[in-house]
There are 2 protein chains.
Amino acid sequence: MTAPDQPRSADDAAFEADVFARACASRPVLQTITGRWGGLTLAALGESPYRFSALRRRVDGVSERMLSQTLQELERDGFVHREVQETIPPKVEYSLTPLGQRVAARLTDLIELVESEMPAVRVAQNAYDRR
Amino acid sequence: MTAPDQPRSADDAAFEADVFARACASRPVLQTITGRWGGLTLAALGESPYRFSALRRRVDGVSERMLSQTLQELERDGFVHREVQETIPPKVEYSLTPLGQRVAARLTDLIELVESEMPAVRVAQNAYDRR
């Protein structure tokens, strides 16, 4: 906690991140990770490295443009490594960094919980909709 | 895995959810949990039950309308319990269901990782932006 008369600088915030604070730099990072495509992309790369087109097939429904933008954000935040292989034609492979692997592991825990609890969620949804 | 000539019914999908499949019912549920406000709302309610106005202060930046909609979605999916207390004036309190507690615990793991790794994320962002 910091007294209200001692506003924290951006540097302080880096060391005491708080996603509940609207201006905290951790919020957009969390948003990239858990956004519409970021979470699925990280979880897919948690299975294995992928080339772009194979990754796009795995993350069913994502457009080329959205996958490209998502990968750029994840690379900028340090979660994804992009490697150009000097073959003819060149191949580009995406993989997780060590930090990305830790994030993907926690995301996968969350996804597996949701998948396994879908019968309970459906029961709740049906009860709510019958009200 | 199911052979392509045996399309799975919605009921089958409930027992073998796969968020990677674009039509899977688990995808919108994951989206609610990890969406712009759903994740923060669940994480806040993981701290304690809240009344609406206090919750809105905790989830800094959310509008009344968005918090209300988020809570409805989380209640419909069975993660949040809404209780009207028969006082004058009536009070409405929101808390997590047992399933919501399990989801919030995994979300909190993810949020704490992101918060603690923000210095590494900033280093990666600065390196990327200098390219």
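The values are calculated or read from the model by the stated rules, or taken from the named source; none is laboratory data. What you are looking at is a predicted structure, and each value in this text was computed from that prediction instead of being measured. Here the Cβ is made from the backbone with ideal geometry for all residues, glycine too, and neighbour counts use every protein chain on show.
Can we say A:Val103 is at pLDDT 90 or above, in a strand (DSSP E or B) and of a type in the set (A, V, I, L, M)?
For A:Val103, the condition - at pLDDT 90 or above, in a strand (DSSP E or B) and of a type in the set (A, V, I, L, M) - is not met.
Can you give me the number of residues within region B:81-119 that are facing chain A (nearest Cβ under 7 Å) and touching a Gly at 6+ places or on another chain (Cβ under 6 Å)?
Number satisfying all stated conditions: 2.
Can you go through B:Thr34, B:Thr41 and tell me which one is within 11 Å of chain A (Cβ to nearest Cβ), buried (at least 21 other Cβ atoms within 10 Å of the Cβ) and at pLDDT 90 or above?
B:Thr41
Only one residue in A:Pro49, A:Pro89 is modelled with pLDDT under 95 and out of contact with any helix residue (DSSP H, G or I) (no Cβ under 6 Å at 6 or more places or on another chain). Which one?
Unique residue meeting the criteria: A:Pro89.
Against the condition farther than 17 Å from A:Val103 by Cα and touching a Ser or Thr at 6+ places or on another chain (Cβ under 7 Å), how does A:Val84 come out, does it pass?
no
Given the condition in contact with a helix residue (DSSP H, G or I) (Cβ under 6 Å, 6 or more places away or on another chain), facing chain A (nearest Cβ under 7 Å) and surrounded by 13 or more Cβ atoms within 10 Å (Cβ to Cβ), answer yes or no: does some residue in region B:52-66 qualify?
Looking through region B:52-66, at least one residue is in contact with a helix residue (DSSP H, G or I) (Cβ under 6 Å, 6 or more places away or on another chain), facing chain A (nearest Cβ under 7 Å) and surrounded by 13 or more Cβ atoms within 10 Å (Cβ to Cβ).
Tell me whether region B:83-96 contains one or more residues that are crowded, with 21+ Cβ neighbours inside 10 Å and not in a strand (DSSP E or B).
Scanning region B:83-96, I find no residue that is crowded, with 21+ Cβ neighbours inside 10 Å and not in a strand (DSSP E or B), so the answer is no.
Would you be able to tell me the number of residues in region B:69-80 that are touching a helix residue (DSSP H, G or I) at 6+ places or on another chain (Cβ under 8 Å) and more than 9 Å from chain A (Cβ to nearest Cβ)?
5
If B:Asp77 meets every condition in (1) modelled with pLDDT of 95 or more; (2) under 29 Å from A:Val80 (Cβ atoms) apart from one, which number is that one?
B:Asp77 satisfies every listed condition except (2).
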